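Have a look at the structure below, then the notes.
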Amino acid sequence: MQQNFAVRSLQCLTTKIPFMKIISVVGARPNFMKIAPFIRAIADYNSRQSAVDSQQSAVGSDQLPMTNTPSPLHHILVHTGQHYDDRMSKAFFEALNIPNADINLGVGSGSHAEQVGHTMIAFEKVLVDEKPDWVVVVGDVNATLACSVTAKKLHIKVCHIEAGLRSRDMKMPEEINRLVTDRLADLLLIPDRLSEENLLKEGTPKKNIVFVGNIMIDTLETNREKSKQLSISEIIKDNSLLPEPSSSERGKGDFALMTLHRPSNVDKKEVLEPIINFLTEEVANDMSIIWPIHPRTAGRLKEFGLWEKIVANPKMILLHPIGYHQMLRLNMDARIMLTDSGGLQEECTVLGTPCLTLRWNTERPITLREFGGASVLVGNNVKQIRDEYHHTLKLDRTPQRPEYWDGETAARCVEAIVNYEK
Ligand code: UD1
C-alpha cells in the first residue's frame, strides 16, 4: 500500500494530477441549484482522471497496479443550515440529486450578525479539523460571506462562483456579502463579461478572474425536460397554501407568476400594501396570479393585515414555496413574471419570459432588455410597475442565451480550480 502510494505520488508529479481537498458551502435556497452541477462536475473530473490512471498503469507494466487509489479531488459539502425548512432546503437536495451534506452547521434563522457569527464559529472548527486546500462558496448569501472570511483567516484558498456581480446598493445585505467575498477570494469565477469590468475597476488582479458562464443555467438545462412533463394544475393542487376543492381548475389560461422576498419590498407596510392593491385590483382582472410565498413575506403579510385581502381574491393562487422543477415549469408558461429574485431574472432570460423586476437596481444587468435579456427594472413604485406591466404584456417570449450560459459552466469551474496557479 505504502509503495503503491509512492508510485502514484511520483506519477502525480509527472502528470500534474492534483490531490485536493475541496469544501463547498451552501446556506440558502438559491445556493442549491448552483452547487448541484459543481458536485457533479467534480465526480466527472474524478472519473476522467481515474480512466487516465488505469490507462497509464496498464501501459507501465513494471509498476504496481493502482487499485483503491484516492480520487484526485476529495469533496466535502457543508450546509450552514440558514434555510432549514423541508420546502426551502431538503426538497431541493432531493430534486437536484445533491448528496446529503457531509456536515450541517445548524445555524438557522436570526439577524444577519447572528447568522454570520454562528456560521463562522461553527465553520472554523470544520476547517481546523478538515484542513482543505480550497473553500468554494457560491452566490451572495450570509453563508457566502461568513465562510470566505473564516477560510481566509486560516490561510485557506477561497474560490467564489458567481463573482463580480454588483448592484451598487449598499443597503442590500447581498451586496455587502458580494463585496467582501470578492475582495478576499483567490479565484473569482464570473458569469458574464460585465462582471470582469466590475472586478478590474476594484483592483482585482486579472489573473485571478476566470470567465466560466452561469452555473444556474447548467441546472436549468439538466432539468428542463423533466420539468416540461409536469402539469400546472397538479403543481397548484399539490402546493396550495389554502384548502381549495376547485384548485385543479385554477391556473388554466394566462397567468402571471410572482415571487417577492426582499426586505426592501416586504418589510414595510407602506411599500407592500400598494403592490398588493395593484395585484388584487388590476392584474387579477387580466389573469390569475400564481404566487409561491417565501416565509418572510407570508409573515409580513399577516403582520400588516394584508393576508385576508389576498386570500379573498379568487384570482390569487397562493402556494407554499415550490420545488425547482415546479418553478421551472410555471416559468415556461407564465405570461409575465413579477419578481425580486436574481435567479429568476436569469431563468427568464433563457426561457424568454417577459419579466418585471421589482427592484431599483440589479447586480445582473445582463438580464435586462437593454443588454439582450428579458427583464426590466420597475422598483416598487406602483405607477412604474403598472406602466411597464401594460407594455410588457405586448411583448413576445424571446429566449436568449448569453455567452457561456450553455450548461457547461460547472466543468469550467472545476478546471479553473485544478489549473489555478498562485
Ligand atoms: C436569503 C438570502 C437571499 C436569497 C433568499 C432566497 C441572505 C442575506 N439572504 O434571504 O439572498 O435571495 O435567501 O430565499 O443570505 N425562514 C423559514 N424557513 C426557512 C428559511 C427561512 O421560515 O427555511 C424564515 C426565517 O425564519 C426568516 C425569514 O424566513 O424569518 C428570512 O430568512 P433568511 O434566511 O433570514 O433570509 P431570506 O430572506 O430567505
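Laid out as a table, the results:
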{"item": "Global geometry of region 76-137, whether rounded, prolate or oblate, following the gyration tensor of its Cα atoms and the 1.5 cut on a/c", "result": "oblate"}
{"item": "Length gained when the stretch Asp85-Leu200 is fully extended (0.36 nm per residue, less Cα-Cα span)", "result": "37.5 nm"}
{"item": "Among Asp133, Asp86, Asp267: highest mean-square fluctuation, GNM of the chain, C-alpha pairs under 10 Å", "result": "Asp86"}
{"item": "Once the Cα gyration tensor of region 359-422 is diagonalised, semi-axes √(5λ) in Å", "result": "35, 15, 7"}
{"item": "Where labels lie 7 Å past Cα in the beta-carbon direction, separation of Leu242 and Glu282 in nm", "result": "2.2"}
{"item": "Packing-based order for 93-103, 326-336, using average beta carbon neighbours within 10 Å, highest first", "result": "326-336, 93-103"}
{"item": "Fully extended contour minus Cα-Cα distance, from Ser231 to Ser264, at 0.36 nm per residue", "result": "8.5 nm"}
{"item": "Burial order of peptide ranges 201-210, 355-364 (average beta-carbon count within 10 Å, highest first)", "result": "355-364, 201-210"}
{"item": "Cut-off under 5 Å, modelled amide H: who pairs with Leu73 long-range", "result": "Met20"}
{"item": "Peptide ranges 338-346, 272-280, 46-54 listed from the most packed, as the mean C-beta count within 10 angstrom indicates", "result": "338-346, 272-280, 46-54"}
{"item": "Column: log10 I(q)/I(0), Debye, Cα scatterers of the chain, q = 0.14 Å⁻¹", "result": "-1.29"}
{"item": "Gained length - Lys302 relative to Asn419, 0.36 nm times residue gap less alpha-carbon distance", "result": "37.0 nm"}
{"item": "Whole-number percent relative contact order across the chain, with pairs defined as alpha carbons under 8 Å at least 6 apart", "result": "15"}
{"item": "Globularity ratio of region 89-239, using Cα Rg and 2.2 N^0.38 Å", "result": "1.18"}
{"item": "Scaled radius of gyration (Cα, divided by 2.2 N^0.38 Å) that region 246-340 gives", "result": "1.02"}
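Just so you know, all these numbers are worked out from the coordinates, no wet-lab data involved. Here the structure is a predicted model, which is why all the values come from computation and not from measurement. Methodologically, a virtual Cβ is constructed for each residue, glycine included, from the backbone with ideal geometry; neighbour enumeration extends over all protein chains shown.
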